[in-house]
Amino acid sequence: MTMLLRPLPPDQLRWLHETELQEAFPPEELKPLAAMETLVRRGVYHPVGAWEGRELVGYLMLWTGPVTGYVLVDYLGVPAARRNQGLGGEILRQLQAGCQSLDGILVESETPLGGPTDALRRRRLGFYQRSGFAPLSYECLLFGVRYRTFLCSPNGRGREDQAQAAHRAMYTAQFPPAVLRRSVQIPWDPAAPLAEGISWATQTDLPDGEEKEVRV
């Protein structure tokens with residue numbers, strides 16, 4: 001059956017967050033529903049469902065920012081019963097095919113750090129590379145979690161310096177300086193550790209922010 005991608009309405013985002021996202025992502029990596037809904041209201045967050053007929057077989061959350069031409073895949077997943085069937089790769093193929101005008105599609109994927117989830121983290125890193133995403137030279141530290149970054153350029157014009165600027169702008173457009181200083185490093189600088197961070201698990205909403213268009 002053909003897979004189709006289409007936007008998720010608010011009630012389906014709420015259901016997805018309470019079920020699939022809670023199962024698939026640890027608390028420190030999962031934005032609270034209130035934070036997602038705030039970003040949706042601001043017009044920068046776009047939940048998408050992957051459907052085969054009436055069955056939801058996958059999902060992704062796209063985050064756009066003030067730098068034109070770039071989008072971040074914030075979450076990508078497939079329900080447990082449908083995993084290991086190539087559905088995640090098909091979602092990314094359809095995303096790339098539908099974003100041919102974009103300079104870059106960005107991904108954050110957790111860095112293996114020697115813990116019990118390293119095997120899963122390495123599989124995710126390999127998955128993105130097999131799906132046409134090239135690793136960038138910088139990592140980021142976001143709300144206490146370290147990530148490697150990847151870029152796919154549908155139109156072939158994406159560059160790492162632009163991608164990093166676009167990536168950083170997505171966060172700086174939504175958070176005040178005090179939160180950014182405590183909780184966001186893009187790129188991560190191991191010589192300049194953050195102060196005590198604010199976990200997404202305890203962040204119930206985003207503060208008021210103002211987004212301005214930036215071109216690089």
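The values are calculated or read from the model by the stated rules, or taken from the named source; none is laboratory data. None of the values given here were measured: they were computed from a predicted structure. Neighbour counts are summed over all protein chains in view; Cβ atoms, including those assigned to glycine, are modelled from backbone coordinates with ideal geometry. Heavy atoms of the whole protein, side chains included, go into the accessibility calculation; ligands, DNA and RNA do not. Shrake-Rupley method; radii C 1.70, N 1.55, O 1.52, S 1.80 Å.
Name the residue that is most open to solvent (accessible area, probe 1.4 Å), counting only residues in segment 7-36 that are of a type in the set (D, E, K, R) and in contact with a Pro (Cβ under 9 Å, 6 or more places away or on another chain). Don't jump to the end; show me each part of the working.
Within segment 7-36, the subset of a type in the set (D, E, K, R) is 11, 14, 18, 20, 23, 28-29, 31.
Applying the additional criterion that residues be in contact with a Pro (Cβ under 9 Å, 6 or more places away or on another chain) yields 20, 23.
Details: GLU20: 35, GLU23: 101 Å².
Per the criteria, the residue is GLU23.
Identify all residues within segment 43-74 that are in a loop (DSSP other than H, G, I, E, B), in contact (Cβ under 8 Å) with a residue 60 or more places away in the chain and not small (Gly, Ala, Ser); write none if there are none. I'd like the intermediate steps shown before the answer.
Of all residues in segment 43-74, those in a loop (DSSP other than H, G, I, E, B) come to 43-44, 53-54, 65-66, 68-69.
Checking which are in contact (Cβ under 8 Å) with a residue 60 or more places away in the chain leaves us with 44, 65-66, 68-69.
Those that are in a loop (DSSP other than H, G, I, E, B), in contact (Cβ under 8 Å) with a residue 60 or more places away in the chain and not small (Gly, Ala, Ser): VAL44, PRO66, THR68.
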For segment 75-115, what are the residues that are in a helix (DSSP H, G or I), more than 17 Å from the chain's Cα centre (by Cα) and of a type in the set (A, V, I, L, M)? ALA80, ALA81, LEU87, ALA97
Subset of segment 82-93 [closer than 13 Å to CYS152 by Cα and surrounded by fewer than 19 Cβ atoms within 10 Å (Cβ to Cβ)]: ARG93
Could you tell me whether segment 108-127 includes any residue that is closer than 27 Å to LEU56 by Cβ, in contact (Cβ under 8 Å) with a residue 12 or more places away in the chain, among the small types (Gly, Ala, Ser) and surrounded by fewer than 17 Cβ atoms within 10 Å (Cβ to Cβ)? no
Flagged in segment 13-42 as under 13 Å from the mean Cα position of the chain (by Cα), among the charged types (D, E, K, R) and not in a helix (DSSP H, G or I), in numbering order, are LYS31
Please find, within segment 140-159, the residue that is nearest to LEU30 (Cα to Cα) out of those that are open to solvent by 40 Å² or more (accessible area, probe 1.4 Å) and part of a strand (DSSP E or B). ARG146
With the requirement that a residue be among the small types (Gly, Ala, Ser) and open to solvent by 10 Å² or more (accessible area, probe 1.4 Å), what does segment 37-76 give you? GLY43, GLY53, GLY65, GLY69
Qualifying positions in segment 116-139 - over 16 Å from the mean Cα position of the chain (by Cα) and either in a helix (DSSP H, G or I) or modelled with pLDDT under 95 (or both): PRO116, THR117, ASP118, ALA119, LEU120, ARG122, ARG123, GLY126, ARG130
Exception for ALA191 within (1) assigned to a strand (DSSP E or B); (2) surrounded by fewer than 20 Cβ atoms within 10 Å (Cβ to Cβ) falls at (1)
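Would you confirm whether any residue within segment 80-95 is out of contact with any strand residue (DSSP E or B) (no Cβ under 8 Å at 6 or more places or on another chain), in contact (Cβ under 8 Å) with a residue 24 or more places away in the chain, closer than 27 Å to LEU151 by Cβ and not charged (D, E, K, R)? Write out each step before concluding.
Here is the first cut: in segment 80-95, the ones out of contact with any strand residue (DSSP E or B) (no Cβ under 8 Å at 6 or more places or on another chain) are 80-81, 83-86, 89, 93.
Retained after the next criterion (residues that are in contact (Cβ under 8 Å) with a residue 24 or more places away in the chain): 80, 89, 93.
Narrowing the set further to residues that are closer than 27 Å to LEU151 by Cβ leaves 89, 93.
From the residues that got through so far, the ones that are not charged (D, E, K, R) too are 89.
Yes, segment 80-95 contains a residue that is out of contact with any strand residue (DSSP E or B) (no Cβ under 8 Å at 6 or more places or on another chain), in contact (Cβ under 8 Å) with a residue 24 or more places away in the chain, closer than 27 Å to LEU151 by Cβ and not charged (D, E, K, R).
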